[in-house]
Amino acid sequence: MRILAVWFGIMALVACQSRDFSPPSEPAHDQREDGFLHARGYERPFLCSDPATGDDVPCPIGRPDRADLSCDAAGCHGDNDYSQAQDVDRSLHGSDGPSCWTCHDQEWSGRTE
């Protein structure tokens, strides 16, 4: 059983290290951590960027401009389409980009904060 756990751990690490993904130009993925590029605000993946101040704020209903999207935006790392109130469950299961859970496991809350 321990051998299987080690094998799955190695496979998860390889999946994260070998991910072939070219992020979009907006939002810029220029924050490097542990060899991976993230967009600004990746520590709080369910919050959007306020275009006026640059602060992390609850995402509006209706899709923000690309530069202000959160990590769980439809077509990127999640499946939120911004059509519901922000107190609903959201996910980081991946869409066009890799799932955040691939490398981070369940570190983040599934709700907006």
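The values are calculated or read from the model by the stated rules, or taken from the named source; none is laboratory data. Computed from a prediction, not measured in an experiment: that's the story for all the values here. Cβ sites come from the backbone with ideal geometry, for glycine too, and all protein chains shown count toward neighbours.
For the subset of the range 17-32 comprising residues that are modelled with pLDDT under 80 and of a type outside the set (F, W, Y), which member is surrounded by the most Cβ atoms within 10 Å (Cβ to Cβ)?
R19
Say we look at the range 70-108 and pick out the residues that are within 19 Å of R40 (Cβ to Cβ) and in contact (Cβ under 8 Å) with a residue 60 or more places away in the chain; which of these is surrounded by the fewest Cβ atoms within 10 Å (Cβ to Cβ)?
For the range 70-108, the residue satisfying everything is C103.
For R44, only one of the following conditions fails: (1) in a loop (DSSP other than H, G, I, E, B); (2) at negative phi; (3) buried (at least 17 other Cβ atoms within 10 Å of the Cβ). What is its number?
Condition not satisfied by R44: (3).
Output the number of residues of the range 25-41 satisfying the condition of being assigned to a loop (DSSP other than H, G, I, E, B) and of a type in the set (A, V, I, L, M, F, W, C).
In the first step, residues of the range 25-41 are kept if they are assigned to a loop (DSSP other than H, G, I, E, B); the result is 25-30, 34-35, 39-41.
Still in the running and of a type in the set (A, V, I, L, M, F, W, C): 28, 39.
Residues meeting the conditions: 2.
Which one of these does A67 not meet: (1) hydrophobic (A, V, I, L, M, F, W, C); (2) modelled with pLDDT of 85 or more; (3) crowded, with 17+ Cβ neighbours inside 10 Å?
Condition (3) is where A67 drops out.
Would you tally the residues in the range 45-69 being in contact (Cβ under 8 Å) with a residue 40 or more places away in the chain and not acidic (D, E)?
So the count comes out to 8.
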